[in-house]
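Q: The following block contains the structure, expressed as structure tokens.
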Amino acid sequence: MGSIFVVTRQDKLSLRNWLVILSLWFLAFSWFCGPAAAESQEEWTAKLVQGAKKEGNLRFSTGMRAEEADKLIKRFNEKYPFLKVVLNRATGQKAVTKILAEARAGMHNYDVYQTSFTVFSILKEHGLLTKYISPESKYYPKMLVDPAGYWTDHYSSFFVMGYNTKLVPAREAPKNLTDLLDPKWKGKMGMDDKAFEWFAGVLRSMGEENGLRFFEKLAQQDIQFRTGKPLITQLMAAGEIRFGIALYGDMIEELKTHGAPIEWVPFDPVVLILHPLSLSAHARNPNAARLFVDFLLSREGQEMLVDMYRTSKRIDVKSKREGIKEGIKLLPYDASFMGDYEKNVKLFRQILLKTRR
């Protein structure tokens, strides 16, 4: 026999209290996560503008090139001249070390983070990020929007292989990872000494055992290591190396427009790197921060990125660079991509750089 639930006067009071609490919670949740369904984007923006005028400032930490960030900030300031944007540019481990050290000292100096997924994951793990679903997020593929609401991909980068067209005929350029092991390429290839994400992607694709075996063979090819993909790309364009491993296709496309004799080929799988845009959990200027995130994800903001030869995945924006050919497998970057980050960095250095660190 089923039980009977009788609502007493005390229960009614408790229920009323719970309804009040739930209503307040819903209002708070809608503020942190974005506009309510009944609220238009124009109304949402107007509300943010009203709050941002009282704040007056915005602090932005990014791994973008300074000249790119400056262009975006300049346009944002033209739209919202009452806001001053303070830019902090830091990448990789340097960014993590600085941000965590400041946080431990109680100094939360940023409102918006735009960073690599590796750095993002570490910041989230330390409770430094909060949820925000921008009204612009609906224009992005689901795989580029965090279902939990912590990030939307600002732009994507693809790891490709590049070569100097004066030194390497297209028919002879490596077409897959195995081709890199050909003895004819020994001493003629360059690679960033911090290509940890690509390393992790290959391990994920091949499986750790087969992947490590591949990298042990690749290490015998006397690769020329330098710091930074831009430098490797420039060396390749200058003919100092014939072939570049794990470069960004957008960098190659940009140099091609200036007459550089270089080209790129996608290796299957192509490792896709995301650059999440996130709100600080300790934002001092929350309205300005949301307004800035909305601008960066807007069609206008994304078209500016395309003009910089970045790859936008917003559905109503077309990129300038040649797309990845149909049928090529993409490995999207997610929170589990790097696995044990420290372990993969150590393996990369031990195998390819032949260090003990």
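The values are calculated or read from the model by the stated rules, or taken from the named source; none is laboratory data. From a predicted model like this one, the values you see are computed outputs, not experimental measurements. Methodologically, a virtual Cβ is constructed for each residue, glycine included, from the backbone with ideal geometry; neighbour enumeration extends over all protein chains shown.
Conditions tested, residue by residue: (1) under 16 Å from residue 288 (Cα atoms); (2) in contact (Cβ under 8 Å) with a residue 40 or more places away in the chain; (3) among the basic types (Lys, Arg).
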| residue | (1), (2), (3) |
| --- | --- |
| 112 | yes, yes, no |
| 115 | no, yes, no |
| 120 | no, yes, no |
| 131 | yes, yes, yes |
| 143 | no, yes, no |
| 149 | no, yes, no |
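Q: Here are some residues: 298, 280. Which one is within 18 Å of residue 127 (Cα to Cα) and touching an Asp or Glu at 6+ places or on another chain (Cβ under 8 Å)?
A: Values: 298 fails: within 18 Å of residue 127 (Cα to Cα).
Just one listed residue meets the conditions, 280.
Q: Of all residues being among the aliphatic types (A, V, I, L, M) and under 23 Å from residue 271 (Cα atoms) in the range 101-132, which is nearest to the chain's Cα centre (by Cα)? Just the residue, please. Spell out how you get there, then give the answer.
A: First pass over the range 101-132, keeping only residues among the aliphatic types (A, V, I, L, M): 101, 103, 105, 107, 112, 119, 122-123, 128-129.
Those still in the list that are under 23 Å from residue 271 (Cα atoms) too: 119, 122-123.
Details: 119: 9, 122: 13, 123: 13 Å.
Filtering the range 101-132 for residues that are among the aliphatic types (A, V, I, L, M) and under 23 Å from residue 271 (Cα atoms), the one nearest to the chain's Cα centre (by Cα) comes out as 119.
Q: Kindly check whether there is at least one residue in the range 317-330 that is modelled with pLDDT of 85 or more, out of contact with any His (no Cβ under 8 Å at 6 or more places or on another chain) and surrounded by 16 or more Cβ atoms within 10 Å (Cβ to Cβ). Let's see the steps before the verdict.
A: Looking only at the range 317-330, we keep the residues that are modelled with pLDDT of 85 or more, and these are 317.
The next check asks that each one be out of contact with any His (no Cβ under 8 Å at 6 or more places or on another chain); those that pass are 317.
Restricting the remaining residues to those that are surrounded by 16 or more Cβ atoms within 10 Å (Cβ to Cβ) gives 317.
Yes: the range 317-330 contains one or more residues that are modelled with pLDDT of 85 or more, out of contact with any His (no Cβ under 8 Å at 6 or more places or on another chain) and surrounded by 16 or more Cβ atoms within 10 Å (Cβ to Cβ).
Q: Something else: For the range 32-54, indicate whether the set of residues that are at pLDDT 90 or above, surrounded by 14 or more Cβ atoms within 10 Å (Cβ to Cβ), assigned by TED's automatic domain parsing to the domain that holds residue 88 and among the acidic types (Asp, Glu) is non-empty.
A: Let us first name the residues in the range 32-54 that are at pLDDT 90 or above, namely 42-54.
This time we only want the ones that are surrounded by 14 or more Cβ atoms within 10 Å (Cβ to Cβ), so: 44-45, 47-49, 51-52.
Imposing the further condition that a residue be assigned by TED's automatic domain parsing to the domain that holds residue 88 reduces the set to 44-45, 47-49, 51-52.
Narrowing the set further to residues that are among the acidic types (Asp, Glu) leaves none.
For the range 32-54, residues at pLDDT 90 or above, surrounded by 14 or more Cβ atoms within 10 Å (Cβ to Cβ), assigned by TED's automatic domain parsing to the domain that holds residue 88 and among the acidic types (Asp, Glu): absent.
Q: Then there is this: For residue 170, indicate whether it is aliphatic (A, V, I, L, M) and without any contact (Cβ under 8 Å) to a residue 24 or more places away in the chain. Before the answer, list the steps.
A: Details: aliphatic (A, V, I, L, M): yes; without any contact (Cβ under 8 Å) to a residue 24 or more places away in the chain: no.
Spelling it out, it is not the case that residue 170 is aliphatic (A, V, I, L, M) and without any contact (Cβ under 8 Å) to a residue 24 or more places away in the chain.
Q: Only one residue in 78, 136 is under 21 Å from residue 49 (Cα atoms) and free of Cβ contacts under 8 Å to residues at least 40 places away in the same chain, so which one is that?
A: Values: 136 fails: free of Cβ contacts under 8 Å to residues at least 40 places away in the same chain.
It is 78.
Q: Here's a follow-up. Scan the range 257-307 for residues that are of a type in the set (A, V, I, L, M, F, W, C) and assigned to a strand (DSSP E or B) and report the count.
A: If we filter the range 257-307 for residues that are of a type in the set (A, V, I, L, M, F, W, C), which is where we start, we get 260, 262, 264-265, 267, 270-274, 277, 279, 281, 283, 288-289, 291-293, 295-297, 304-306.
This time we only want the ones that are assigned to a strand (DSSP E or B), so: 262, 264-265, 270-274, 277, 279.
The number of residues fulfilling the criteria is 10.
Q: Give the residues of the range 235-256 that are buried (at least 20 other Cβ atoms within 10 Å of the Cβ), of a type in the set (A, V, I, L, M) and part of a helix (DSSP H, G or I), sorted by residue number.
A: Of everything in the range 235-256, those that are buried (at least 20 other Cβ atoms within 10 Å of the Cβ), of a type in the set (A, V, I, L, M) and part of a helix (DSSP H, G or I) turn out to be 236, 237, 251, 252.
Matching residues to (1) farther than 20 Å from residue 316 by Cα; (2) not assigned by TED's automatic domain parsing to the domain that holds residue 201:
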| site | (1), (2) |
| --- | --- |
| 132 | yes, yes |
| 139 | no, yes |
| 169 | yes, no |
| 173 | yes, no |
| 176 | yes, no |
| 180 | yes, no |
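Q: Are there strands (runs of 3 or more DSSP E) fully within the range 82-198 with at least 2 residues that are touching a Phe, Trp or Tyr at 6+ places or on another chain (Cβ under 9 Å) and of a type in the set (Val, Ile, Thr)? List them. Break it down stepwise before answering.
A: Working: elements: 84-89, 112-114, 152-164, 189-192.
So the answer is 84-89, 152-164.
Q: Would you check which residues across the range 59-75 are in a helix (DSSP H, G or I) and either within 13 Å of residue 112 (Cα to Cα) or without any contact (Cβ under 8 Å) to a residue 60 or more places away in the chain (or both) and list them? Give the steps one after another, and end with the answer.
A: So the first thing to find is which residues in the range 59-75 are in a helix (DSSP H, G or I), and the list is 66-75.
Hits for the range 59-75 are 66, 67, 69, 70, 73, 74.
Q: Is there a residue being within 19 Å of residue 153 (Cβ to Cβ) and charged (D, E, K, R) anywhere in the range 126-133?
A: Yes, the range 126-133 contains a residue that is within 19 Å of residue 153 (Cβ to Cβ) and charged (D, E, K, R).
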